[in-house]
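Inspection log for the structure reproduced underneath, given as structure tokens.
The values are calculated or read from the model by the stated rules, or taken from the named source; none is laboratory data. This is a predicted model, so every value here is computed, not measured. Note: ideal-geometry Cβ built from the backbone for every residue, glycine included; neighbour counts use all protein chains shown.
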Amino acid sequence: MKHIIEAQQFDKEFIFEIFKKADECRISTKKPLAGKILTTLFYEPSTRTRLSFESAMIKLGGGVISTENAKEFSSAIKGESLQDTIRIISSYTDAIVIRHYEEGSAKLAASISSVSIINGGDGSGQHPTQALLDLYTIWKEIGRLDNLVIAMVGDLKFGRTVRSLCYLLGKFKNIKIIFIAPKSLSIKEDIKEYLKRHNVYFEEQIELEKFLPKINVIYMTRIQKERMTEEEHRAIKGAYKINEENLKLLKESARLLHPLPHVEEIELSVNTEENDKRVAYFRQAENGLYIRMALLSYLLE
């Protein structure tokens with residue numbers, strides 16, 4: 001596997017190979033990527049994805065060259081095409097992590113790049129490395145990836161993390177997914193067709209609280225204001241929240257995940273976030289470092 005573009009690329013053998021490597025990266029002090037260079041090319045804002053990839057590369061002994069706002073601080077502002085940008089950067093580096101506002105951009109970059117391309121998020125398309133760290137978090141927190149009930153809540157139409165995670169969940173047994181969203185932000189048909197083909201049970205709902213006692217994992221997402229009009233955002237802002245009161249409805253063994261950043265959809269105190277074991281999203285974000293270390297090792301060693 002030269003490029004990491006979409007979650008469909010990963011089979012179960014690869015998934016658990018990466019999980020094993022991520023566990024090793026937690027304790028290893030080896031520097032297998034000394035002399036290698038990673039480029040992080042981000043046309044959209046990022047905190048966790050960009051910084052965790054850069055930290056991962058440095059911990060593995062490599063170097064990083066970066067632009068955090070390539071839309072303004074690269075030759076894109078002069079009119080340079082993505083294709084030309086990738087051709088040039090490929091001659092400077094050993095791998096490129098790209099985040100772009102257009103769906104399909106990572107696949108386009110991979111078609112012309114001489115080095116590995118990693119999709120760090122392409123519009124409302126996919127975010128495959130986030131899906132891997134999400135699945136890894138479920139595995140670490142719950143202890144299994146079969147026989148799970150998972151609620152996915154919020155912006156399911158534009159949420160690339162939800163889309164990518166669905167592709168991975170389709171590889172496991174007895175998975176039940178409850179999609180909870182306003183009708184205007186419901187999960188797209190291509191994901192539903194994929195789940196049907198892989199015999200994954202799913203249902204679409206609008207209410208949240210009545211399902212909280214029944215689930216193993218709740219995957220909250222923010223309403224992506226930047227991908228809709230102001231009027232659309234006002235109509236659905238704050239539609240779903242996890243707060244101190246409804247958190248009590250979750251089983252003690254259940255886990256609350258979120259790809260972050262969270263805004264109005266999470267209303268928990270710092271004390272709850274730090275001390276309630278059901279709140280897993282900061283551990284989830286940390287897991288991203290080790291998964292991305294594992295992926296870079298896989299591609300570049």
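So which residues in the stretch 171-197 are assigned to a loop (DSSP other than H, G, I, E, B), more than 18 Å from the chain's Cα centre (by Cα) and surrounded by 14 or more Cβ atoms within 10 Å (Cβ to Cβ)? Spell out the reasoning first.
Residues of the stretch 171-197 assigned to a loop (DSSP other than H, G, I, E, B): 171-174, 181-182, 186-188.
With the extra rule that they be more than 18 Å from the chain's Cα centre (by Cα), the set shrinks to 172-174, 181-182, 186.
Correct list: Phe172, Ala181, Pro182, Ser186.
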Review point. What's the number of the condition Glu141 fails, among (1) at pLDDT 95 or above; (2) charged (D, E, K, R); (3) crowded, with 23+ Cβ neighbours inside 10 Å?
Key: (3)
Revision key, fill the gap. Taking the stretch 263-282 and keeping only residues that are buried (at least 17 other Cβ atoms within 10 Å of the Cβ) and at pLDDT below 95, one is left with Glu265, Ile266
**Study point:** Among (1) surrounded by 22 or more Cβ atoms within 10 Å (Cβ to Cβ); (2) more than 25 Å from Ile18 (Cβ to Cβ); (3) out of contact with any helix residue (DSSP H, G or I) (no Cβ under 8 Å at 6 or more places or on another chain); (4) not polar (S, T, N, Q), the one test that Tyr92 misses
**Key:** (1)
